[in-house]
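A.B. asks: Just passing along the structure, written as structure tokens.
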Amino acid sequence: MSSHDEVHTQSPQATEPANPSIDRKAFNSQQIKTPSVLEAEQSAHESMAETDARAERRWKLIETVILWASWIIMVGFNAYAEIFRLFGTTTGQIAKEQNVWFMPDGPAFAIWGLIYIGLGVWLIRFCIAGPSRKRLGKLPITLSGLIFVGTCILNIAWLSFWHLRSYTISLILICALTVMVWLLYVQVRRDANQQHTSQAASLLDWGPLSLYGSWLVVASILNACYVVEVLSGGISDVIQAFEVIILLCLLLIVSFLMEQKAKDWVFGLVVFWSAVNIGLRLFAHSMSLGIFIIVLAAVGDLITYFPWGTFKLVHR
């Protein structure tokens, strides 16, 4: 029998260290563990896991308190500003001081109540099983939580400067707020997709943020029009009429893209709500233009939500 065959007929043995300087007793102690050693190791692992779980519960509790405190302060400040007339005025009164045509009718701003309720629902979902609840380094907060706190701060700052009639600063703040809300939207929706979150749960993750962000887009445009009106000393009605039509067309295009590319149907509904109320307010300036704006919004939303995927051209 050849030496090669002899190697394969040998009984299996534990592989010993190649370096003869290694202590053979230490090697054998690594190969054989008594039940007591195994129990000690298992107990140590369980203790470490329990410690990590306690630490996770602790920082999540801290974050939950921070997030809810931020939400309560933001909602409370907005309520105070309207009820007790922050700096002697309300948001609606300031809006009516200038002849801005891209301005929804008064009832449209009731959407703020729905937005804040939606954010409360989003917080409940996020704190219980949010897809983006991953600790940010050693901080007792997540990246999503930090962004949310930032949006609350910017919301309060924007409202304060708006009531102070610092229109340029308020425009910068609301644009920054809009960007941060959409950053949070992208962050949460991406994490939900990576974790294969169910469709219903995913809607709770991104729906309230889309509602908030969509209205902020409209509000940012409104603020920009307001600043232009103030700085220019007044824009002619003809220019404002074309301005409203062009801006609405751009918003409808974005609505279509959001529905087709991101399957976000909330954006289009917010645009439609805004357009209808803009049209109603325009009745005081031009009834024909107001009707045109409402019809344009209806046609735009019909195109946006039409099930194009179920209708395909047949080539003959």
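The values are calculated or read from the model by the stated rules, or taken from the named source; none is laboratory data. Values in this document were obtained by computation on a predicted structure and should not be read as measured data. Reconstructed Cβ throughout: ideal geometry from the backbone, glycine too, with neighbour counts over all protein chains shown.
A.B. asks: Taking only the range 88-104 into account, find how many residues are at pLDDT 90 or above and under 19 Å from TRP273 (Cα atoms).
C.D. replies: Of the residues in that region, 5 qualify.
A.B. asks: Kindly check whether there is at least one residue in the range 157-176 that is over 30 Å from SER236 (Cα atoms) and either modelled with pLDDT of 95 or more or in a helix (DSSP H, G or I) (or both).
C.D. replies: Yes, there is a match, as at least one residue in the range 157-176 is over 30 Å from SER236 (Cα atoms) and either modelled with pLDDT of 95 or more or in a helix (DSSP H, G or I) (or both).
A.B. asks: Determine whether LEU154 is in contact (Cβ under 8 Å) with a residue 24 or more places away in the chain, surrounded by 16 or more Cβ atoms within 10 Å (Cβ to Cβ), part of a helix (DSSP H, G or I) and within 25 Å of the chain's Cα centre (by Cα).
C.D. replies: Judged against the criteria, LEU154 is a match.
A.B. asks: Can I ask one more? Picking from SER2, SER29, SER11, SER70, which residue would you name as being more than 30 Å from LEU159 (Cα to Cα), surrounded by 10 or more Cβ atoms within 10 Å (Cβ to Cβ) and either among the polar types (S, T, N, Q) or at pLDDT 90 or above (or both)?
C.D. replies: On inspection, the qualifying residue turns out to be SER29.
Here is a yes/no grid of residues against (1) under 14 Å from LEU67 (Cα atoms); (2) small (Gly, Ala, Ser); (3) over 16 Å from the mean Cα position of the chain (by Cα):
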position	(1), (2), (3)
VAL121	yes, no, no
ASP191	no, no, no
SER214	no, yes, no
ILE221	no, no, yes
CYS225	no, no, yes
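A.B. asks: Quick one: would you say GLY118 is touching a Leu at 6+ places or on another chain (Cβ under 6 Å) and under 29 Å from LEU203 (Cα atoms)?
C.D. replies: The answer is yes for GLY118.
A.B. asks: Another question about this same structure. Within the range 261-314, which residues are farther than 24 Å from ILE111 by Cα, without any contact (Cβ under 8 Å) to a residue 12 or more places away in the chain and not aromatic (Phe, Trp, Tyr)?
C.D. replies: The answer is LYS261, MET287, SER288, PRO307, GLY309, THR310, LYS312, LEU313, VAL314.
A.B. asks: Restricting the first residue to the range 230-259 and requiring it to be among the acidic types (Asp, Glu), which pairs with a second residue that is surrounded by 19 or more Cβ atoms within 10 Å (Cβ to Cβ) meet a Cβ separation below 8 Å and a spacing of at least six or different chains?
C.D. replies: Final answer for the pair search is ASP237/TRP101; GLU243/TRP101; GLU243/PHE102; GLU243/CYS225; GLU259/PHE267; GLU259/GLY268; GLU259/THR304.
A.B. asks: Under the condition of being assigned to a helix (DSSP H, G or I), in contact (Cβ under 8 Å) with a residue 60 or more places away in the chain and not β-branched (Val, Ile, Thr), which residue from the range 113-142 is farthest from VAL186 (Cα to Cα)?
C.D. replies: Selected residue: LEU114.
A.B. asks: Please go through the range 105-133 and pick out each residue that is farther than 22 Å from THR197 by Cα, at pLDDT 95 or above and surrounded by 16 or more Cβ atoms within 10 Å (Cβ to Cβ).
C.D. replies: Correct list: ILE111, TRP112, ILE115, TYR116.
A.B. asks: A follow-up question, please. Do the conditions hold for ALA192, that is, is it modelled with pLDDT under 95, in contact with an Asp or Glu (Cβ under 7 Å, 6 or more places away or on another chain) and part of a helix (DSSP H, G or I)?
C.D. replies: Here the answer is yes, as ALA192 does meet what is asked.
A.B. asks: Considering only the range 33-72, state which residues are of a type in the set (A, V, I, L, M, F, W, C) and in contact (Cβ under 8 Å) with a residue 12 or more places away in the chain.
C.D. replies: If the condition is that a residue be of a type in the set (A, V, I, L, M, F, W, C) and in contact (Cβ under 8 Å) with a residue 12 or more places away in the chain, then TRP59, ILE62, ILE66, LEU67, TRP68, TRP71 are the ones that fit.
A.B. asks: Any residue in the range 41-56 that is in a helix (DSSP H, G or I), modelled with pLDDT of 90 or more and either in contact with a Gly (Cβ under 9 Å, 6 or more places away or on another chain) or on the phi < 0 side of the Ramachandran plot (or both)?
C.D. replies: No: the range 41-56 contains no residue that is in a helix (DSSP H, G or I), modelled with pLDDT of 90 or more and either in contact with a Gly (Cβ under 9 Å, 6 or more places away or on another chain) or on the phi < 0 side of the Ramachandran plot (or both).
A.B. asks: LEU136 passes all but one of (1) within 30 Å of THR64 (Cα to Cα); (2) surrounded by 15 or more Cβ atoms within 10 Å (Cβ to Cβ); which number fails?
C.D. replies: Here LEU136 meets the rest and fails (2).
A.B. asks: With the structure loaded, tell me whether ALA176 is buried (at least 18 other Cβ atoms within 10 Å of the Cβ), out of contact with any strand residue (DSSP E or B) (no Cβ under 7 Å at 6 or more places or on another chain), under 26 Å from CYS127 (Cα atoms) and small (Gly, Ala, Ser) or whether it fails that test.
C.D. replies: Spelling it out, it is not the case that ALA176 is buried (at least 18 other Cβ atoms within 10 Å of the Cβ), out of contact with any strand residue (DSSP E or B) (no Cβ under 7 Å at 6 or more places or on another chain), under 26 Å from CYS127 (Cα atoms) and small (Gly, Ala, Ser).
A.B. asks: Now for a separate question. Scanning for something surrounded by fewer than 20 Cβ atoms within 10 Å (Cβ to Cβ), touching a Cys at 6+ places or on another chain (Cβ under 9 Å) and not hydroxyl-bearing (Ser, Thr, Tyr), does the range 287-298 turn up at least one residue?
C.D. replies: Yes; the residues of the range 287-298 include at least one that is surrounded by fewer than 20 Cβ atoms within 10 Å (Cβ to Cβ), touching a Cys at 6+ places or on another chain (Cβ under 9 Å) and not hydroxyl-bearing (Ser, Thr, Tyr).
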